[in-house]
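Asker: Take a look at this one; I'll ask things after.
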Amino acid sequence: MSGSRRLLIIGGIALAIWGMSYGLWYAVFAEHQALDNIGSSLTGSFAAAADRNPGVMESSLQQIS
């Protein structure tokens, strides 16, 4: 195996490991901490949409961001 091919394979594996590590960190420490807020905002907006109240629905959806 040539040196350039070895470098490509090792670099690709390193990038894949780095990407998966970052994804794991994001899921556990960033997104997981916000799930309660996201769930309650979505519940409120769905309930407001069912009641045909667009003002409350929009304000509930704005709380997600």
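Asker: Going through 55, 23 one at a time, which residue ends up being within 18 Å of the chain's Cα centre (by Cα) and part of a helix (DSSP H, G or I)? Even if it seems obvious, please write down each step before you answer.
Answerer: Details: 55 fails: within 18 Å of the chain's Cα centre (by Cα).
The match here is 23.
Asker: Applying the selection to the stretch 41-52, what residues are open to solvent by 70 Å² or more (accessible area, probe 1.4 Å) and either at pLDDT below 85 or polar (S, T, N, Q) (or both)?
Answerer: We begin by selecting, within the stretch 41-52, every residue open to solvent by 70 Å² or more (accessible area, probe 1.4 Å); these are 43, 46, 50-52.
43 - this is the single residue of the stretch 41-52 that is open to solvent by 70 Å² or more (accessible area, probe 1.4 Å) and either at pLDDT below 85 or polar (S, T, N, Q) (or both).
Asker: Which of the following residues is among the β-branched types (Val, Ile, Thr), surrounded by 10 or more Cβ atoms within 10 Å (Cβ to Cβ) and within 12 Å of the chain's Cα centre (by Cα): 17, 38?
Answerer: Details: 17 fails: within 12 Å of the chain's Cα centre (by Cα).
After applying the criteria, what remains is 38.
The values are calculated or read from the model by the stated rules, or taken from the named source; none is laboratory data. The structure presented is a predicted model; accordingly, all values stated were derived computationally and were not measured. For neighbour counting, all protein chains shown are included, and Cβ atoms are generated from backbone atoms with ideal geometry for every residue, glycine included. With ligands, DNA and RNA removed, areas are computed over all heavy atoms of the protein, side chains included. Shrake-Rupley method; radii C 1.70, N 1.55, O 1.52, S 1.80 Å.
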